[in-house]
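Remarks on the structure that follows.
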Amino acid sequence: MRVIILGAGVIGVTTAWFLAQEGHTVTVIERAQAPARETSYANGGQISVCHAEPWANPKAPWKTLQWLGEEDAPLLFRLKLDWHQWRWGLRFLEQCTQAKAKANLQNLVRLGLYSRETLQSVRLATGVAYDQRTEGILHYYTDSAEYESAIPAAALMREVGLDRQVKTAAECLVIEPALAQSRYPIVGGTYTPSDESGDAREFTNQLAERCLAMGVEFRYDCSIEALERVGDDVKAVRVISEENGAERLAADAIVVCLGSYSPIHLRPLGITLDIYPAKGYSATIPVIDPDYAPTVSLTDDGYKLVFSRLGNRLRVAGTAEFNGYNLDLNPIRCKALIERTRQIFPAGMDYQAAEFWTGLRPATPGNLPYIGQTRFPSLWLNTGHGTLGWTECCGSAKAIADLIAGRQPEVDYPFVRGI
């Protein structure tokens, strides 16, 4: 088949890889000049099945209200006269029951475990190198109440097959000795030794090169004008580029991997996706003394930050700002990233040389991505992965390739159909 993939982030490129492996003729459409230039550019770096606890849970509404108006809050809603934001918020509240939060967590763990295993297979088959580390992920806590509330979630994840272990403060310092310099005592943590970290942009770029070698065509600097409906199907996309002008590209299948922009391109077809952009921030900080910098990937659950060692750099990322499609860097939120990092790691990094970035993460109310077929037989979805696109990319891509081939994917997950 001839397949068109919309988007060359980590989701789009992994989708191209698995479809090319099936023998399909694949074209990837990307408005930027290279792969991984938007949400995949400078994310937190974690392949984190342990982050399966959804944002929507019984405690979330109260916490969100507490944070309203705080510029440096981990989760910041900037309420707008935007029907799509209000609709998303209502759907989010619907997912905050105990039963729905538990079901969403279990589905995310299953998808994450499958995807992490698939990523390891891709790494072995291709030899891609992306500053990967396989020492696991440690969630640490400086607040006793936060630590105690993490224990039940860890137990639930273990029931679904994730090796998330509860650790004492002393055990946390053995796992990551650099935490000993924290200005706030570590009270405990949870550790997932099988989780990983690495540079998502480098992975995406290298995998795109391997896709090229397999015959995948990448059309960069190419903007999507519209998906074209003919009768009861969608089998073409209208695009425009400086090099080729306006074009109509036909295909047997089209896969939408456009992250936060997916709903915009699907609304004219009458398809409504509950995806809203959650702006995340990151800082990439040079490591000047490795003895004081962490090597194990870390999560600061209280402040919703993650830390990943990428060679001689420390990537710290997190927070979520619901502010539409605004991509302006908020200096207050950038400062908050550095201040918290300094509190935990006062030495070892050149904080003055930090590089800041922001990107839009395609959040769904229950954190579950849309993977599967729309009501148009030739139009497929692989989008809405939120903060877990790097974690879930390979599993999602392999699953959508199976679905397009008419096979049942190997992972137990609520794939969409007929949306």
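The values are calculated or read from the model by the stated rules, or taken from the named source; none is laboratory data. None of these values were measured; they are calculated from a predicted model. Reconstructed Cβ throughout: ideal geometry from the backbone, glycine too, with neighbour counts over all protein chains shown. To get the accessible areas, we keep the full protein, side chains included, count just its heavy atoms, and leave off ligands, DNA and RNA. Shrake-Rupley method; radii C 1.70, N 1.55, O 1.52, S 1.80 Å.
Values as computed for the structure displayed
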| quantity | calculated |
| --- | --- |
| Pair Arg267, Arg158: separation of 7 Å Cα→Cβ label points (nm) | 4.6 nm |
| Backbone N under 17 Å from the Arg342 label point (7 Å along Cα→Cβ), restricted to the stretch 169-194 | 181-184 |
| Unit Cα scatterers, Debye sum, the stretch 137-231: log10 I(q)/I(0) for q = 0.17, 0.19 Å⁻¹ | -0.80, -0.91 |
| Sequence ranges 211-221, 265-275, 292-302, 390-400, ranked by mean other-Cβ count within 10 angstrom, highest first | 390-400, 292-302, 265-275, 211-221 |
| Choice from Gly89, Gly386, Gly406 with maximal GNM fluctuation in the chain (Cα, 10 Å cutoff) | Gly406 |
| Greater than 21 Å apart at Cα, pairs in Lys80/Lys279; Lys100/Lys167; Lys63/Lys102; Lys80/Lys100; Lys235/Lys279; Lys167/Lys304 | Lys100/Lys167; Lys80/Lys100; Lys235/Lys279 |
| Length gained when the stretch Leu93-Tyr292 is fully extended (0.36 nm per residue, less Cα-Cα span) | 67.5 nm |
| Descending semi-axes in Å of the stretch 163-216, equivalent ellipsoid built from Cα gyration tensor | 38, 13, 7 |
| Heavy-atom accessible area per residue - the chain, 1.4 Å, Å² | 40 Å² |
| Label-point separation, Gln352 to Ala180 (7 Å along Cα→Cβ), nm | 2.9 nm |
| Over 31 Å [Cα-Cα, the chain], rounded percent | 36 percent |
| Rg to Rh quotient for the stretch 333-419, alpha carbon positions, Kirkwood Rh | 1.20 |
| Solvent-accessible area, 1.4 Å probe, carbon plus sulfur percent, for the stretch 302-377 | 52 percent |
| Pairwise FRET efficiency - Glu22 versus Asp328, Cβ, R0 = 41 Å, nearest 0.05 | 0.50 |
| Selected from Asn312, Asn367, Asn205 as most flexible by GNM, with the chain as the system and alpha-carbon contacts under 10 Å | Asn312 |
| FRET efficiency for Thr168 and Asp412, using Cβ-Cβ distance with R0 set to 30 Å, rounded to 0.05 | 0.35 |
| Potential extension, Leu212-Ala226 segment - 0.36 nm per residue separation minus Cα distance | 2.5 nm |
| Fluctuation leader among Thr341, Thr358, Thr97 - the chain, Gaussian network, Cα springs under 10 angstrom | Thr97 |
| Computed over the stretch 27-162, Kirkwood Rh from alpha-carbon pairs, angstrom | 18.1 Å |
